[in-house]
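What follows is a set of notes on a single structure, which appears directly below.
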Amino acid sequence: MGAHPEVGSAGASEPMATFTPWLGNCVAVNGVNLGIENSGHQMSAWYTSRGPRISLDPAPAHQPTQSASWTGEWAGIHGTNPAIVTGAANVNVTLGPSATEAALTLKGIPTLGTLAWDQMPVSGGRFTGSTPAKSQTYVATGQFGGTNQAGAVGHASGPGFQSVFHGDER
């Protein structure tokens with residue numbers, strides 16, 4: 001798949017990362033540093049020299065309406081090795097009496113193992129939070145979308161780590 005017009009293309013000095021997603025309706029976004037498109041839900045997350053991006057803006061129509069789990073994959077770069085690594089990604093949403101919260105888990109990150117973000121508030125289908133690991137802080141932002149909010153995409157990063165993730169409601 002070619003780069004999306006809204007994504008732009010990487011500059012000559014930016015590293016290009018490629019990989020083959022192994023789950024669901026997901027494809028790698030070409031022409032960006034690191035990107036993934038959940039084509040079944042028409043949403044994507046990517047990195048450029050301007051930082052991480054998500055194709056959907058928060059909106060009430062993207063807010064989950066039930067407690068559920070989204071299962072998928074993350075892909076990213078860790079340390080100084082430019083090779084793409086992948087692993088399992090899960091987002092669990094809980095609808096509470098006063099708030100909707102998301103918990104994100106990325107498994108199998110080299111030297112880090114599993115990163116887990118708990119109790120991130122969800123508003124307009126968007127969640128953002130941070131988690132500590134090995135005396136560092138890692139941040140994540142995700143977005144729900146698609147028909148009945150059945151898809152999720154996002155990005156997570158920290159010292160020496162950049163990743164994108166996707167998931168489908170199960």
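Here, each number is a calculation from the coordinates, and none is a lab measurement. Keep in mind the model is a prediction, meaning the values are calculated, not measured. All Cβ positions, even for glycine, are placed from backbone atoms using ideal geometry, and neighbour counts span all protein chains on display.
General observations
- Working from the Cα coordinates of the stretch 51-154, the gyration tensor eigenvalues give, after taking √(5λ), semi-axes of 25, 15, 12 Å in decreasing order.
- When the convex hull of its Cα atoms is projected in every direction, mean area for the stretch 30-110 (nm²): 6.8
- When you count the other C-beta atoms within 10 angstrom of each residue and take the mean per peptide, 42-49, 118-125 line up highest first as 42-49, 118-125.
- Note on Leu95 and Gln66: the extension gain reaches 9.8 nm, defined as 0.36 nm multiplied by sequence separation minus the Cα-Cα distance.
- Total formal charge among the other residues, if their Cβ is under 12 angstrom from that of Asn38, Lys/Arg +1 and Asp/Glu -1: -4
- Placing a pseudo-label 7 Å from each Cα along the Cα-to-Cβ vector at Thr80 and Gln136 gives an inter-label distance of 1.4 nm.
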